[in-house]
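Quick notes on the structure that follows.
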C-alpha cells in the first residue's frame, strides 16, 4: 500500500512554470508540493529562452524571485531587423509607451526559483518516477508516484500539470476529450553559445538569401547565436568554424566586422513547431506551459506564455481558497487560450516573415520583402510588432 498524505495543490513538473506557480501559491498561503521526474541538475541543464516580457518580470517579483534578475538582467528597449543587407531598429520602448524586455536566461530564472523555494523550506520531490494523476474529474483527485522504490499517493484539491510536452499530465487525458492543433516547420535552429561579447547591444533578427539568423545574448560576456538549417542536418556535422563562417555570410558588413568568435560551450539543433491543446482544464487538473502549447522561438514567447498561464492559475486558486469562488477556475482555459492564440499568431508571423521558404517560390520571397519594408516604414506596423514582442497584458 502506498504512503498517503493530503496537500491542497500538487504541481507536476519543476521547470520554471511549476516553480513559479509553487512560489506564487506559497506567497498566498496555499500549501503545495512539486513532483519532478528528473534531477535538479538535469532541469538546470536545459538551455532555453532568454527574453522576458513585462508580465513575466512582474510575476517573478510577485513571487519574491527577482533579486538576481533585477541585478543582472539586461534591459532591451529595441530589436533590429536585418534584411536586404541593412539593419532597421524597432523602438520597442518608444512604440509601447515605455515598455521593454529583459534578457535573462531561463536557466537563471529556474535556478532563482529553486533557491527561493529551498530557502522557504518548501517540498520539491526530484526523481519522482511513474507519476500518475488520477480521479481529477471527481472532487477528490490524487497523484501517485514512486520514489526510491516506494509508492506514494497524495490526495489533493487540484493538480497543476506543468510537466512539459511529453509529461504525464496531458498523456493521462482520454484522446476524445482533447483537441490538438499543430504546425511543423520544414527547418530547425542550430544554436551555439559562446563566452564572447554580443555582436550588438540589441538582438538582431536576420532575413537573408541563405536563411534566417539570430544574434542573441545571455549577458555582456555570453552570446547565443542561431542559424536556420534543414531538419536533416546533424549538429555533429557543424564545426564551430563552419558555424561562424555561415553566420557571417548572413549578417551585414558592420556586424561581420564586429563579430567576436570563440569555442562553443553548447551547440544543438531544435526543430520549430506550433502546437496548442484545447481545453487546458479537465475537472480539477489544469495544464500550463509546454504541457498545453509550444511556440516557435522566433517571437520569444515560450517561457512568457508559461508564466502567464501560471499567473492566471495562481489567481484562480487564490480566489477559490480566499473567496470561495470558482470563477477563476471556470474561466482559466478560456482566459489562457485567448492569450495563447495571440502569441501563436505572432510567433507564426515572425517565423514566416524572417525565415527562408525556398519551396514557396519567388512570389513568396517578394511578398516577404514587401512586408518587411512595410513593417519598418509604417509606424502602425512597427507598433503592432512592438506591442506583441514586449507582451500583451494579462486580462
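Does residue 299 meet the test of being touching a helix residue (DSSP H, G or I) at 6+ places or on another chain (Cβ under 6 Å), at pLDDT below 95 and surrounded by 14 or more Cβ atoms within 10 Å (Cβ to Cβ)? Yes: the conditions hold for residue 299. Going by what's in this entry, would residue 357 be described as buried (at least 21 other Cβ atoms within 10 Å of the Cβ) and within 26 Å of the chain's Cα centre (by Cα)? It is false that residue 357 is buried (at least 21 other Cβ atoms within 10 Å of the Cβ) and within 26 Å of the chain's Cα centre (by Cα). Residues being closer than 18 Å to residue 289 by Cβ and touching a residue at least 24 places away in the same chain (Cβ under 8 Å) are represented in region 381-393 by at least one member.
Take the residues in region 149-162 that are within 24 Å of residue 16 (Cβ to Cβ) and not in a loop (DSSP other than H, G, I, E, B), then tell me which one is nearest to the chain's Cα centre (by Cα). So, considering only residues that are within 24 Å of residue 16 (Cβ to Cβ) and not in a loop (DSSP other than H, G, I, E, B), the one nearest to the chain's Cα centre (by Cα) is 161. Close Cβ contacts (under 7 Å, 6 or more residues apart or on different chains) running from residues in region 96-120 that are in contact (Cβ under 8 Å) with a residue 12 or more places away in the chain to residues that are surrounded by fewer than 22 Cβ atoms within 10 Å (Cβ to Cβ) and in a strand (DSSP E or B) comprise 100/75; 100/76; 101/76; 102/74; 102/75; 103/74; 103/76; 117/124. Residue check: is residue 318 farther than 29 Å from residue 180 by Cβ and assigned by TED's automatic domain parsing to the domain that holds residue 208? No: the conditions fail for residue 318. The strands (runs of 3 or more DSSP E) located wholly in region 4-88 include none with 1 or more residues which are on the phi > 0 side of the Ramachandran plot, touching a strand residue (DSSP E or B) at 6+ places or on another chain (Cβ under 8 Å) and surrounded by fewer than 16 Cβ atoms within 10 Å (Cβ to Cβ). Taken as a whole, the condition of being outside the structural domain of residue 223 (by TED's automatic domain parsing) and over 20 Å from the mean Cα position of the chain (by Cα) applies to residue 71. Is at least one residue of region 325-346 modelled with pLDDT of 95 or more, crowded, with 20+ Cβ neighbours inside 10 Å and over 29 Å from residue 36 (Cα atoms)? Yes: region 325-346 contains one or more residues that are modelled with pLDDT of 95 or more, crowded, with 20+ Cβ neighbours inside 10 Å and over 29 Å from residue 36 (Cα atoms).
May I ask you to verify whether residue 146 is outside any strand (DSSP E or B) and either within 15 Å of residue 282 (Cβ to Cβ) or out of contact with any helix residue (DSSP H, G or I) (no Cβ under 8 Å at 6 or more places or on another chain) (or both)? When the stated conditions are applied, residue 146 does not pass them. Restricting region 212-258 to residues that are part of a helix (DSSP H, G or I) and touching a helix residue (DSSP H, G or I) at 6+ places or on another chain (Cβ under 6 Å), the residue that is surrounded by the most Cβ atoms within 10 Å (Cβ to Cβ) is 248.
Pairs linking a residue in region 187-212 that is farther than 18 Å from residue 104 by Cα to a residue that is assigned to a loop (DSSP other than H, G, I, E, B) and at pLDDT below 95, with Cβ atoms under 7 Å and 6 or more positions apart or on different chains, are 187/231; 188/231. Of all the residues in region 89-101, those that are closer than 30 Å to residue 209 by Cβ and buried (at least 16 other Cβ atoms within 10 Å of the Cβ) number 4.
The values are calculated or read from the model by the stated rules, or taken from the named source; none is laboratory data. Source: prediction; values computed, not measured. Counting neighbours? That spans all protein chains shown, and the Cβs are built from the backbone with ideal geometry, glycine included.
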